[in-house]
Amino acid sequence: MTTAPVLCLKDVSKSFGPVKVLHSVNLALHAGSVHALIGENGAGKSTTMKILAGYQPPTSGSIELDGQSAQFSNLQDGEAAGIVMIHQEFNLAEELTVEQNVFLGRELKRGVFLDKPAMRRLTKEYLSRVACDVSPDALVSRLSNSEKQMVEIAKALSRDARVLIMDEPTAVLTSRETEVLFEQVAALRNTGTSILFTSHKLDEVAAISDQVTVMRDGNVVQSSATAQLTEDAMATAMVGRDVSELYPEKPGVPHDAPVVLDVKNLTVPGFAQDVSFDLRKGEILGIGGLIGSGRTEAMEGLTALRTATVDNVTLFDNAVTFKRPGDAQQAGLCYLTEDRKLRGLLMERGMRENLTLANLHKLGGFVINRKSEETALTRAITEFDIRSGTRDVKVGNMSGGNQQKLLLAKVMLSEPRVLIIDEPTRGIDIGTKQQIYAFLRKLADEGHAVIVITSEMPELIGLADRVIVMREGQVGGTLGPAEITEDAIVRLSMGLSTEQTPKVA
């Protein structure tokens, strides 16, 4: 590409105290181009994007805008220069309306009064461009995660950005919403906007980007035209090892393996009706279905996180009743939430407190045994390969992959015999995915039983021994080992017969 870059970093390094997280990073963004920035969690992608957008200053090195040295003291400086960032974590005021969020701090006026008709009309236009069917008057707190993401994108469109930076924009979107987003990205590229985005979904990177920069351990290790890289090559550059064998081998569950969990007619009012299934020792049971099919709500009802009724639950040959989430955990059944940031971890506390809070009774009784806590943390860091730079880091400052590993370690400290894990790899890089898949298979091989709820089709096919497909709050069908195909899962999700679906050899 011969044109001068719109925005670039030159030899940029960044340190937080004694910890250096970026090392002489060079990155150039061009007008009318989509540039993907990829790497494992903790590789330095988010820090790089924040420096570009003005959220953080570099420790050394320089930023250039249109070939001239630039300094951004804050995000307002970045936006004034035409640089807009859409965050992985929503940057919306929950108790304001969609319209108020879109124009927050940039309200349109007619004389001394707010021009509400103009803001409403423009909000509708921006929402329409991303096919988001929500009212401008809707409170953001009432929206789903995918709707909030589309509002974030509409808000960015309203700023007429020259450079649009998107941090994991598709992590909570459905496949159709992702298609709409990519249509908008292509339209922006055609008008000359420069776009930088991160995604752990390498098929998305291949489909939408013109250029790919790969980061590892705070360094740029490769920058190439997308057409020159296969997805396997991208993955290998990210993690520094071969990840072609992403999923561990399935040894198969013996036909006579004992049933460890049997659920009869579980109902969660408004979400799931008469859900029945069983789970065997050593099995990974996948639960698939479209968003809104009741997958998560059913499992939350089972573990008393939601109000539910059930005819019968048998756990390890004992009839059980769970009135509180702690009852399920005490019985050996643990649920790991899909929302690690709001419901799984305390973002403002350290790793030690997060790891041990639910299990203090095992680590000293009436008086907290700090030495036992530190020993447990050391073991978790080693066993789950948690990389944080320092033991005292706030969990909110850790990468998503390391947060997920910590959440797994926290749950496993309860020594569950049955583990339910919801969206285990959402927003996580391919290297960490491989580690989590291997851990779940190891659990099953050791005689535990695992339920995996996931929106990721490859995850269902590659990981599960058997798959239940939910549809409109009910079990649409169950697929055995030789029946698990993308076509079969999609057909059951849509309420269609799988009779003509080819079997897996």
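When you scan region 269-368 for strands (runs of 3 or more DSSP E) that lie fully inside it, which ones turn up with 2 or more residues that are over 19 Å from the mean Cα position of the chain (by Cα) and modelled with pLDDT of 95 or more?
Numbers: elements: 272-280, 284-289, 309-315, 333-336.
The qualifying strands (runs of 3 or more DSSP E) are 272-280, 284-289, 309-315.
Is there a residue being assigned by TED's automatic domain parsing to the domain that holds residue 493, surrounded by fewer than 19 Cβ atoms within 10 Å (Cβ to Cβ) and touching a strand residue (DSSP E or B) at 6+ places or on another chain (Cβ under 6 Å) anywhere in region 280-293? Talk me through it step by step, then tell me what you get.
Let us first name the residues in region 280-293 that are assigned by TED's automatic domain parsing to the domain that holds residue 493, namely 280-293.
Checking the rest, the ones that are also surrounded by fewer than 19 Cβ atoms within 10 Å (Cβ to Cβ) come to 281, 290-292.
When the remaining residues are screened for being touching a strand residue (DSSP E or B) at 6+ places or on another chain (Cβ under 6 Å), the result is 281.
Within region 280-293 (the criterion being assigned by TED's automatic domain parsing to the domain that holds residue 493, surrounded by fewer than 19 Cβ atoms within 10 Å (Cβ to Cβ) and touching a strand residue (DSSP E or B) at 6+ places or on another chain (Cβ under 6 Å)), the answer is yes, since at least one residue qualifies.
Considering (1) in contact (Cβ under 8 Å) with a residue 40 or more places away in the chain; (2) under 28 Å from residue 77 (Cβ atoms), say which one residue 125 fails and leave the rest.
(1)
Looking only at region 225-257, how many residues end up being surrounded by fewer than 12 Cβ atoms within 10 Å (Cβ to Cβ) and either without any contact (Cβ under 8 Å) to a residue 12 or more places away in the chain or in a loop (DSSP other than H, G, I, E, B) (or both)? Working first, answer last.
To start, the set of residues in region 225-257 that are surrounded by fewer than 12 Cβ atoms within 10 Å (Cβ to Cβ) comprises 225, 227-228, 230, 241-242, 244-245, 249, 251-252, 254-256.
Now drop any that are not either without any contact (Cβ under 8 Å) to a residue 12 or more places away in the chain or in a loop (DSSP other than H, G, I, E, B) (or both), which leaves 227-228, 230, 241-242, 244-245, 249, 251-252, 254-256.
The total comes to 13.
Please give the number of the condition residue 15 fails out of (1) loosely packed, with under 13 Cβ neighbours inside 10 Å; (2) at pLDDT 85 or above; (3) under 22 Å from residue 167 (Cα atoms).
Of (1) loosely packed, with under 13 Cβ neighbours inside 10 Å; (2) at pLDDT 85 or above; (3) under 22 Å from residue 167 (Cα atoms), only one is false for residue 15: (1).
Quick one: residue 222 ticks every box in (1) surrounded by fewer than 21 Cβ atoms within 10 Å (Cβ to Cβ); (2) touching a residue at least 24 places away in the same chain (Cβ under 8 Å) bar one, so which box is it?
(2)
Checking residue 209 against (1) of a type in the set (Ser, Thr, Tyr); (2) surrounded by 20 or more Cβ atoms within 10 Å (Cβ to Cβ); (3) modelled with pLDDT under 90, only one condition comes out false. Which one?
So residue 209 meets the others, but not (3).
I need the full set of residues from region 459-487 which are in a helix (DSSP H, G or I), in contact (Cβ under 8 Å) with a residue 24 or more places away in the chain and either within 27 Å of residue 332 (Cβ to Cβ) or out of contact with any strand residue (DSSP E or B) (no Cβ under 9 Å at 6 or more places or on another chain) (or both), in order please. Steps first, please.
First pass over region 459-487, keeping only residues in a helix (DSSP H, G or I): 459-463, 481-483, 486-487.
Okay, now just the ones that are also in contact (Cβ under 8 Å) with a residue 24 or more places away in the chain, so 459-463, 481, 486.
Passing the criteria: 459, 460, 462, 463, 481, 486.
When you look at residue 177, is it more than 21 Å from residue 194 (Cβ to Cβ) and either buried (at least 20 other Cβ atoms within 10 Å of the Cβ) or aromatic (Phe, Trp, Tyr) (or both), yes or no?
Numbers: more than 21 Å from residue 194 (Cβ to Cβ): yes; either buried (at least 20 other Cβ atoms within 10 Å of the Cβ) or aromatic (Phe, Trp, Tyr) (or both): yes.
So residue 177 passes the test.
The values are calculated or read from the model by the stated rules, or taken from the named source; none is laboratory data. Treat the numbers as computed from the prediction; the structure is a model and nothing was measured. Glycine gets a Cβ as well: all are built from the backbone with ideal geometry, and neighbour counts include every protein chain shown.
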